[in-house]
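Data block below; observations after.
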């Protein structure tokens, strides 16, 4: 059974720092992995989707990597800004059984201090 | 092309009432997924539907919850005789094809049971 873990659960850093959020998953048979952002009381914003055949994806100050064999993904945020404060969620789509269910991590709550 | 639409965005129900949550998928999408996010928890898969078919409802509570996706109109998630534990954010997603394709999320419906 696929399990997704995100570490740390919460992170507070000063503005301007580069930071890394971690996501690990127990079953490497995945189609893709996706990073989302969720602001308090709001919906989900898709940030980056990495297909299983890809190693990384970049969008602006965000870079997500995927190491399928070790069951890990990282989300790198460069030059963090207070507007980056949010909860970041990682989700994987299995390639085997139930290959339509996104399996979610519990999220990392990020606070960027001005 | 409008995104996934959900309504209402906020719904307040008293214990014992019924809640109906609606989801209109993106144009051209015939696959719908419902996820639930309980307070301070990660998202969990509830049900996967195609037009007029329930493909997988393994994540739905056995009682009081039902879902449909009729030939015409939005997908409906129905919760009968709501209890306080049903208070959560309910997210709908849609995809163009099944399985390995990207799911696009709506803004969610926040249900509060008083």
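Read-outs: derived from the displayed coordinates by stated rules, not from any lab. Just so we're clear, the structure is a prediction, and the values are computed from it rather than from any experiment. Cβ sites come from the backbone with ideal geometry, for glycine too, and all protein chains shown count toward neighbours.
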Q. Across bins of 10 angstrom width beginning at 0, how are the C-alpha pair distances of segment A:46-94 distributed, in whole percent?
A. 23, 56, 19, 2
Q) Quick one: if the Förster radius is 22 Å, what FRET efficiency do residue A:26 and residue B:58 give, using the C-beta to C-beta distance and rounding to 0.05? A) 0.70
Q | Under the Debye formula (equal points on every Cα, no solvent term), log10 I(q)/I(0) of segment B:1-84 at q = 0.13, 0.22, 0.23 Å⁻¹ | A | -0.42, -1.19, -1.28
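Counting only C-alpha contacts under 8 Å and six or more residues apart, can you give the relative contact order of chain A as a whole percent?
Value for chain A: 37 percent.
Please work out the ratio of the alpha-carbon Rg of chain A to 2.2 N^0.38 Å and round it to two decimals. Mind dumping the intermediate values first?
Working: Rg = 13.6 Å, N = 114, 2.2 N^0.38 = 13.3 Å.
It is 1.02.
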Q) Assuming a viscosity of 1.306 mPa s and a temperature of 10 °C, what translational diffusion coefficient in µm² per second does Stokes-Einstein assign to the protein assembly as shown, Rh being the Kirkwood radius over Cα pairs? A) 88 µm²/s
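Hey, what D do you get for segment A:15-55 in µm²/s if you plug the Kirkwood alpha-carbon radius into Stokes-Einstein at 25 °C and 0.890 mPa s? Before the final figure, lay out each step's value.
Working: Rh = 12.6 Å.
Answer, rounded: 195 µm²/s.
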